[in-house]
Every structure is written in structure tokens, then in C-alpha cells.
1. Show me the ranking of peptides 84-90, 44-50 by mean Cβ neighbours inside 10 Å, starting with the highest.
2. Taking every pair of alpha-carbon atoms in region 16-168, what share in percent sits in each 10 Å bin, from 0 to the bin with the longest distance?
3. Take the alpha-carbon centre of region 1-30, take the same for region 170-227, and report the distance between them in whole Å.
4. Below 28 Å Cα-Cα, how many Lys pairs turn up in region 16-168? Only count pairs eight or more apart in sequence, or on different chains, if you could.
5. Hey, got the Cα dimensions of region 137-219 along the principal axes, in Å, largest first?
6. By average Cβ neighbour count within 10 Å, what is the ranking of 156-162, 215-221 from highest down?
7. Modelling each spin label as a point 7 Å along the Cα-to-Cβ direction, I'd like the D88/Q7 distance in nm, to one decimal.
8. With both bridge residues required to lie in region 16-168, what share of the DSSP beta bridges run antiparallel, to the nearest 5%?
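Readers should treat all values here as calculations from the given coordinates under stated rules, not as data from a laboratory. Note that this is a predicted model, so its numbers are computed, not measured. Cβ placement follows ideal geometry from the backbone for every residue including glycine, while neighbour counts extend to all protein chains displayed.
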Amino acid sequence: MTPEREQRLLQVLRRRQPDLTLIADKVHKPRNMAALVRNCDAVGIPKMHVVKPDHEYRRYRGTSRGSDRWVESVVHSTLSEAVDAVRDQGMKIYAAHLSDSAVDFHEVDYTVPCAILMGAEKAGISEEAAQAADLHITVPMMGMVESLNVSTAAGIILIEAQRQRKLAGLYELDRMPAEVIARHMFESRYQKIATYCLTAGLPYPEYDEMGELLDPEACKALLAQRA
């Protein structure tokens with residue numbers, strides 16, 4: 001890894017926003033899921049929550065273009081699991097939902113810990129999701145259609161969250177846990193070793209806070225066994 005690449009990675013990782021996330025409630029089209037991951041990466045979200053649709057959940061990598069390496073997708077069997085996960089982190093839930101109480105998405109404070117809840121294609125969010133939300137938000141529409149594609153709407157809302165957080169100086173703070181940064185640095189430095197360990201179900205070898213291997217010779221032996 002070049003020094004320039006190393007500094008670029010550190011800069012990106014340190015600007016991550018651990019108290020901002022997205023919940024995808026049974027979004028079933030792989031392309032939309034991939035676009036949501038890409039949206040999350042673009043605004044510095046390190047982890048998103050995925051509620052599995054009724055049929056098999058599949059990831060689509062074409063649109064994400066490697067973004068899934070930087071955004072952890074936590075898969076939940078039920079919406080209540082996802083809601084509990086973000087509530088445990090003290091997050092408010094803003095659901096994209098056209099209801100009588102919904103407000104313009106610009107009027108919401110995204111500088112507080114919060115999760116943006118997006119519903120499935122066509123059906124939107126469930127009644128359970130609508131009730132679980134602290135607030136319903138909408139993207140104003142000026143045409144004949146009432147809503148945008150789920151990934152497009154999420155992108156618009158997340159860019160507003162990014163704007164507010166940038167003005168508040170939240171991207172200038174280093175809030176990501178040191179162990180998370182170290183893990184990402186290791187995976188970037190040693191992609192073959194990381195891939196092998198994940199495939200084989202093995203723990204990563206020991207590394208320092210910058211992701212540098214503590215015992216490179218032991219890793220050479222590990223890869224030699226693979227060959």
C-alpha cells in the first residue's frame with residue numbers, strides 16, 4: 001500500500017458516522033440493495049440494517065462497485081430486530097412514508113443519532129414500521145407520480161443528512177472505534193489473506209492499529225498451506 005493510499009483510507013474511515021444508519025425493510029430487488037449500499041458509503045455510513053424479504057435475500061454487487069467492502073450489512077429476520085438494534089444505540093427512526101403526519105425531509109434534524117427507514121418497492125413500509133418510527137418524512141413530488149425509486153429517495157435524504165452533519169462539523173470528528181479502523185486497514189493491505197480467512201472460517205492473524213501484520217512469516221506459511 002502506498003503512503004498516499006494509506007492516508008486516503010484513514011481519512012475516509014475517520015469521517016465515518018457511526019450514529020447514522022439506514023434500515024432497508026424487505027427491499028427485494030438486488031440492484032436497489034446494491035444502490036442503497038453505495039448511497040451509505042457515499043455519506044460515510046459504516047453499517048446499514050437489512051430486514052430480509054419474504055423470499056431469499058441476495059446481494060447484488062454490480063451497482064455497489066466495491067462499496068460493500070466498506071459498509072457492513074447487518075441482516076435481520078424481522079423488522080423488530082432491526083428497530084431494537086438501532087434503539088439500543090439511542091437512534092431516532094425517520095421513516096420515508098407518505099402519511100397525514102409526514103413532514104418534508106428537509107425539516108428533520110439528522111445531526112442527532114438516527115436511522116432512515118426505507119420500505120419495499122411498490123408496497124412501501126409496513127404498518128409495523130410506520131408505528132415504530134418517531135417521524136414520517138417525505139420527498140416533495142411535483143409531478144404525477146407520488147414517490148421515487150427507493151434507492152433514489154434514500155440517496156436524496158442521505159445527502160441532506162450529510163449536508164447537515166457537515167455544517168455541524170461532525171465529519172471533522174474521529175468517532176470510529178480504533179479496532180474497526182484497524183480491521184479495515186488490514187483487509188485493504190492483505191486482501192488475499194483476509195479473503196482466505198473468511199472463506200476458510202479462520203480468525204484473522206494478529207495485526208497492529210494500522211492493520212500491519214505482527215508476524216508476516218506465519219501468514220506466509222498460512223497461504224502456503226492453501227496452495
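1. 44-50, 84-90
2. 12, 46, 37, 6, 0
3. Cα centres, region 1-30 to region 170-227: 17 Å.
4. 15
5. Rounded to whole Å, the extents work out to 63, 32, 16 Å.
6. Highest mean packing first, the order is 156-162, 215-221.
7. For D88 paired with Q7, the spin-label model returns 3.9 nm.
8. 5 percent
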